[in-house]
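These notes are about the structure you will find just below.
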Amino acid sequence: MRSRRAGQADLRRAHKNLSGLEDGGRFVRGDICDAKAVEEAMNGCDTVFNFAAESHVDRSLMGDPAHAGAFVQTDVYGVYVLLEEAKRQNVKKFVQVSTDEVYGDVSEGHSVETDPLEPRSPYSASKAGGELIARSYFVSHDMPVVITRGSNTFGPYQYPEKLLPLFVSNALDDQPLPMYGDGLQRRDWLHAEDHCRGILLAAEAGTPGEAYNIGGGNEKTNRDITQMILQLLDKPQSLIQTVADRPGHDRRYALNCDKIRALGWQPSRDFGADVAATVEWYRANEAWWRPLKNDAEYQQYYKRNYENRAQEQQPASR
Ligand code: DAU
């Protein structure tokens, strides 16, 4: 099931990919909060992977209930709807895809799965809520729930609100790259394929009731990533526009991945080559991202999120 912002082209692509599956995959478009749609989609499934979420931190901070409320609705209530149906259908594994952000800001060291959950944005709090509901179905109903906590994921087809596709597509248009605060916040970058291999392994070999960290081991500052993008596209530093910071911005996330490694997973990718390939993918696939950025909802989001930030950052005239 897809998020409500998936474009028609994405839906057609997902449909085509799934229809091509040898075991006759089925594509159902629906909202995870809609119990009827969930019943139809889950019918006959033995494993459920819940990737569906409101996922963008900035949108969860936009200051009106329509935004933060959508996060609670999808990331908590939606998980409950899925769990109820999974319980009814007696599924063999339920994988709740979560995030390293549930640990909150990690100024030093690396988070282990038993660390307390200390989320600090409406987004990460709603994801922590989803995890807790999922875990409660393991404890109360003996459901085979496994939780994964992934780090910052990147690759082709990422919606152009996230750092990498946003900065690449803006740079291609010679538009400013809005860097929050000092740009020294640190994230651990993980290629989508490594992330998916970890999630699959957690489904196959993970112990019910347990959580598994999945991180790429590529800790970088936002400035590092931005420099890489500019160099790859041969664009000037002057495109970087320092803007007001994200409220409550977590400086750093970092994961200890010993537990998933003990199951046999390890990151298999070359970070530099993957960033270069991803940047190249966006350069070659403008026909995919341009309509998404031209969409009225996106434009409205962009204006609301960035307009005031840029103004706040201007030096005082007196
Ligand atoms: O860590 C896993 C998380 O990674 C996932 O759970 C989230 O769903 C996903 O959105 C991502 O969260 P981030 O907030 O880290 O990703 P984002 O791409 O929004 O931002 C990455 C960093 O770049 C973050 O420190 C904020 C900064 N940033 C982001 C944007 C969009 C900027 O400086 N300027 C921007 O315009």
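What to note about this one:
- With all protein chains modelled, accessible area of LYS92 [1.4 Å, Å²]: 150 Å²
- In the elastic network of the chain, a GNM with C-alpha springs shorter than 10 Å, the most mobile of ARG246, ARG88, ARG135 is ARG88.
- Whole-percent carbon and sulfur share, accessible surface of the chain, 1.4 Å: 48 percent
- In the chain, the longest principal axis of the Cα atoms and the axis of helix 222-233 are about 70 degrees apart.
- Reciprocal of mean inverse Cα separation for region 207-318 (Kirkwood radius, Å): 18.0 Å
- Accessible-area value, GLU297, 1.4 Å probe, nucleic acids and ligands omitted, Å²: 60 Å²
- Under 20 Å from the LEU132 label point (7 Å along Cα→beta-carbon), backbone N, region 198-218: 209-213
- Anisotropy class of region 105-249 from Cα gyration tensor, a/c 1.5 cut: prolate
- Per residue, the average separation of C-alpha pairs within less than 8 Å and at least 6 apart gives region 8-311 a relative contact order of 19 percent.
- Cα point-scatterer Debye curve for the chain, base-10 log of I(q)/I(0) at q = 0.07, 0.10, 0.13 Å⁻¹: -0.28, -0.59, -1.03
- Estimated distance in nm for a label pair at GLU108 and CYS45, the labels positioned 7 Å out from Cα along Cα-to-Cβ: 4.3 nm
- Cα→Cβ-extended label distance, 7 Å offset, between ARG290 and GLU210, nm: 4.9 nm
- Accessible surface for LEU292 stands near 20 Å², nearest 10, in the context of the full protein assembly shown (1.4 Å probe).
- Relative to the longest principal axis of the Cα atoms of the chain, helix 8-19 runs at roughly 40 degrees.
- One decimal place: the segment SER140-ARG251 gains 36.4 nm when fully extended, by the rule 0.36 nm per residue minus the C-alpha distance.
- Table column - 3J(HN,Hα) (Hz), region 95-106, Karplus curve with 6.51, -1.76, 1.60, x for Gly and Pro: 9, 9, 7, 10, 9, 5, 5, 5, 7, x, 5, 10
- Sorted largest first by accessible area at a 1.4 angstrom probe radius, with every protein chain in place, the residues SER268, SER126 fall in the order SER268, SER126.
- Of all DSSP beta bridges in the chain, antiparallel share, percent nearest 5: 10 percent
- Inter-label distance, GLN227 to GLN89: 4.8 nm, where each label sits 7 Å from its Cα along the C-beta direction.
- Once the 1.4 Å probe is applied to the protein heavy atoms, region 205-252 comes out at 43 Å² accessible per residue.
- For the set MET42, MET228, solvent exposure ranked by accessible area (probe 1.4 Å, protein chains only) runs largest to smallest as MET228, MET42.
The values are calculated or read from the model by the stated rules, or taken from the named source; none is laboratory data. Since this is a predicted model, take the numbers as computed values, not measurements. Because the Cβ atoms are built from the backbone with ideal geometry, glycine has one as well, and the counts that use them run over all protein chains shown. Keep in mind that these areas ignore ligands, DNA and RNA; they rest on the heavy atoms of the full protein, side chains included. Shrake-Rupley method; radii C 1.70, N 1.55, O 1.52, S 1.80 Å.
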